[in-house]
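Below: one structure, written as structure tokens.
The values are calculated or read from the model by the stated rules, or taken from the named source; none is laboratory data. Just so we're clear, the structure is a prediction, and the values are computed from it rather than from any experiment. Neighbour counts run over all protein chains shown; Cβ positions are idealised from the backbone, glycine included.
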Amino acid sequence: MRRHIARTTMMLCGAVSLAAVVGTASAAPPGTQPVKHHAEPVIVDCFWQPEVRPDDFILACGDGNSRLISLQWSQWLPNSATAEGINVVNDCKPYCAAGKFHPYRVTVRLDDPEPWKKRPQVQHYTQITLVYTDERPDGYERTVSYPLWN
């Protein structure tokens, strides 16, 4: 019974934390450079905010079980951007709420900028590729690519 109460308490704390983040989504996250006149492409985050060279980025918007942290951008060009960082992934064992997060070093590449549907005058990257430089999560290939939302 105590274990159930502890687990429920942890879940509620996580929900409150998520609500706090969602509630302040209009504020620019620390370390994120504001977008200036949209002269350079942006990456659109889970809260539909354009970002340039973010320090972190959530890959799994629905549950937060995969995110990029400690991003160090070496380039941010009109056609692509490259960074080194950490992909923190939940192993979801025995299930996601009880899983543990594990860090994996990655090289990140953003590609294929197109006009953003929300603001057609803004170019946004539409493809993200992760290359795991050392270990990688179970079942992941060394290189994985995902489309980014529009």
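Could you check how many residues of region 131-150 are without any contact (Cβ under 8 Å) to a residue 60 or more places away in the chain and touching a Phe, Trp or Tyr at 6+ places or on another chain (Cβ under 9 Å)? Even if it seems obvious, please write down each step before you answer.
Residues of region 131-150 that are without any contact (Cβ under 8 Å) to a residue 60 or more places away in the chain, as a first pass: 131-145, 147.
Now drop any that are not touching a Phe, Trp or Tyr at 6+ places or on another chain (Cβ under 9 Å), which leaves 132-137, 140-144.
Here the count works out to 11.
Considering region 48-68, and only residues there that are more than 11 Å from the chain's Cα centre (by Cα) and of a type in the set (D, E, K, R), the residue that is modelled with the lowest pLDDT turns out to be Asp63. Here Ala97 fulfils each of the conditions (1) assigned to a loop (DSSP other than H, G, I, E, B); (2) among the aliphatic types (A, V, I, L, M); (3) farther than 25 Å from Val42 by Cβ apart from (1).
If only one of Ala25, Ala15 is under 26 Å from Gly99 (Cβ atoms), hydrophobic (A, V, I, L, M, F, W, C), at pLDDT below 50 and part of a loop (DSSP other than H, G, I, E, B), which one is it?
Details: Ala15 fails: part of a loop (DSSP other than H, G, I, E, B).
Answer to the selection: Ala25.
Please specify each residue of region 104-126 satisfying the condition of being assigned to a strand (DSSP E or B), over 12 Å from Pro41 (Cα atoms) and either among the polar types (S, T, N, Q) or out of contact with any Ser or Thr (no Cβ under 9 Å at 6 or more places or on another chain) (or both). Can you show your working first?
So in region 104-126, the residues assigned to a strand (DSSP E or B) come out as 104-111, 114-115, 123-124.
Subsequent filtering for residues that are over 12 Å from Pro41 (Cα atoms) retains 104-109.
Matches in region 104-126: Thr107 only.
Listed by first and then second residue, the pairs with beta-carbon distance under 9 Å, at least 6 apart or on different chains, first residue in region 86-101 and farther than 11 Å from Pro137 by Cα, second aromatic (Phe, Trp, Tyr) and surrounded by 14 or more Cβ atoms within 10 Å (Cβ to Cβ), are Ile86/Tyr104.
Scan region 80-91 and give yes if some residue there is in a loop (DSSP other than H, G, I, E, B) and over 20 Å from Ile43 (Cβ atoms), otherwise no.
From region 80-91, those in a loop (DSSP other than H, G, I, E, B) are 91; that's our starting set.
Applying the additional criterion that residues be over 20 Å from Ile43 (Cβ atoms) yields 91.
So far as region 80-91 goes, yes, one or more of its residues are in a loop (DSSP other than H, G, I, E, B) and over 20 Å from Ile43 (Cβ atoms).
Right, Val52: farther than 24 Å from Ala39 by Cβ, surrounded by 14 or more Cβ atoms within 10 Å (Cβ to Cβ) and among the hydrophobic types (A, V, I, L, M, F, W, C) or not? So Val52 does not fit the description; no.
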